[in-house]
Every structure is written in C-alpha cells, then in structure tokens.
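Have a look at the structure below, then the notes.
The values are calculated or read from the model by the stated rules, or taken from the named source; none is laboratory data. Here the structure is a predicted model, which means the values were calculated and not measured. With ideal geometry, Cβ positions are generated from the backbone for all residues, glycine too; neighbour counts draw on all protein chains shown.
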Amino acid sequence: MLRSNEDIAVYILCGGKSSRMNTEKGLVEFHGKSFLQWILDAVTPMTSTITLVTKNVAYACFGLPMIPDLVEDQGPVGGIYTALADSSFRYNLILSCDIPKITTEVLSALIQTAKGSDKDVFILSDGKHDYPLIGCYQKSLLQAFQYAIEQQHLKLCPLVDSLRHQKLVITPKDQAAIRNINTQEELLSLT
C-alpha cells in the first residue's frame with residue numbers, strides 16, 4: 001500500500017486513567033469496532049509508523065509497538081514527551097485514543113498544513129475549543145516537554161500556547177470528527 005505520509009510518525013496516547021468513562025477508552029466499542037480501531041483505520045492510509053503510548057497489555061492485540069510513559073502520571077504532557085523521546089521523525093502526529101470519528105481527510109489536512117508551516121506545533125480547533133491531542137508536534141520540542149515535566153507544568157493547552165504554534169480551524173462539517181468521547185453519556189449520544 002502506498003501511504004501518503006511515510007515521513008511522519010503517529011503516536012496514540014492510550015495511557016489515561018479513563019476515570020470519567022469508567023473503562024479503558026481506547027477499547028470502548030462504537031458500531032462494532034473499538035475507538036482505537038476507528039483511529040487506526042484513519043491513520044493507516046497515511047503511514048505505517050504507528051506506536052501506542054501505553055503499558056496496558058490489553059492493547060497488545062493490535063499488534064503495534066507499545067511504549068510506557070517515561071515518567072508516569074504526567075498526563076498528556078508526559079505522553080507527548082514519551083512520544084517525542086521515542087521518535088526519530090521530525091513530524092509526529094499525536095492523537096488521543098478517544099476520537100472514534102476522526103478521518104483520514106482531517107488528519108491529512110492537518111499534516112499537510114503543518115509541513116507547510118514554520119511553527120513547531122500545529123493543532124486542530126473548532127473555533128471555540130482547541131484540540132492539542134489532535135496535533136502535529138516537531139521532534140525539536142522534546143526539551144520543552146521535558147522542562148514542563150520537571151517544572152510540573154502539566155496543563156497541555158497553556159504549554160502549547162507558550163510554544164511556536166498554529167491552529168487549523170476546521171469546517172463545521174468536520175467538527176464531529178474531532179469530538180472526544182469521555183463519558184458513557186457522550187458515547188450514547190454518538191451517531
């Protein structure tokens with residue numbers, strides 16, 4: 001299969017506590033497939049370099065490389081730090097495991113825009129809310145994330161805002177693609 005972005009790595013963060021969902025979010029089923037499988041279906045046409053950031057052995061069934069957080073309990077900042085430390089690629093697509101409606105088209109637009117930008121981080125936004133866990137992060141940010149962990153600056157949005165970043169505001173028709181599902185109620189409302 002010819003993939004469109006073999007020069008990027010994809011890291012899917014599956015290490016959260018899933019406290020609001022009360023079950024492992026990446027393994028939650030939606031229309032007969034796990035959230036993670038929906039995400040993999042969207043990224044596989046773009047690259048074969050896909051890694052799961054998790055220590056949960058339940059994800060081994062996907063047959064993908066899995067890496068645990070380098071520093072435990074640091075939230076998404078720690079997950080991104082782990083991904084950037086592992087990666088040998090300049091561009092790294094970082095995704096959460098709770099976005100089952102994400103599409104190849106939305107992710108391709110993000111990656112192509114990021115590659116054409118002079119910014120270090122490129123994230124999606126719906127115009128009201130930013131989605132830093134649907135973002136393209138350059139490897140050069142490794143030290144910034146390490147410093148944030150050392151200083152316990154673990155809120156991702158303020159960290160991204162402090163970096164050379166840009167936001168891609170998606171069209172209303174694509175907003176369902178970036179919706180993250182955190183609770184059983186949100187899952188039930190998903191169509």
Does region 112-126 include one or more residues that are crowded, with 21+ Cβ neighbours inside 10 Å and within 18 Å of Trp38 (Cα to Cα)?
no
Could you list all residues from region 75-90 that are hydrophobic (A, V, I, L, M, F, W, C) and either part of a loop (DSSP other than H, G, I, E, B) or free of Cβ contacts under 8 Å to residues at least 12 places away in the same chain (or both)?
Phe89
When you look at Tyr147, is it outside any helix (DSSP H, G or I) and aromatic (Phe, Trp, Tyr), yes or no?
no
Could you list all residues from region 71-85 that are surrounded by fewer than 17 Cβ atoms within 10 Å (Cβ to Cβ) and either modelled with pLDDT of 95 or more or among the small types (Gly, Ala, Ser) (or both)?
Val71, Gly75, Ala85
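For region 115-127, does any single residue satisfy the condition of being over 24 Å from Ile181 (Cβ atoms) and without any contact (Cβ under 8 Å) to a residue 40 or more places away in the chain?
yes
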Return the only residue of Leu93, Leu142, Leu154, Leu110 being in a loop (DSSP other than H, G, I, E, B) and of a type in the set (A, V, I, L, M).
Leu154
Over region 141-166, the set of residues within 16 Å of Ala85 (Cβ to Cβ), in contact (Cβ under 8 Å) with a residue 40 or more places away in the chain and not hydrophobic (A, V, I, L, M, F, W, C) is Gln146
One residue is enough: does region 149-172 have a residue meeting the conditions surrounded by fewer than 16 Cβ atoms within 10 Å (Cβ to Cβ), out of contact with any Asp or Glu (no Cβ under 7 Å at 6 or more places or on another chain) and within 16 Å of Lys101 (Cα to Cα)?
yes
Could you please tell me which pairs satisfy a Cβ distance under 6 Å, a separation of 6+ or placement on different chains, a first residue in region 29-42 that is under 15 Å from Thr103 (Cβ atoms) and touching a residue at least 24 places away in the same chain (Cβ under 8 Å), and a second residue that is of a type in the set (S, T, N, Q) and part of a helix (DSSP H, G or I)?
Ala42/Thr104
Scan region 25-54 for residues that are touching a strand residue (DSSP E or B) at 6+ places or on another chain (Cβ under 9 Å), farther than 17 Å from Glu6 by Cα, in a loop (DSSP other than H, G, I, E, B) and at pLDDT below 95 and jot them down.
Val28
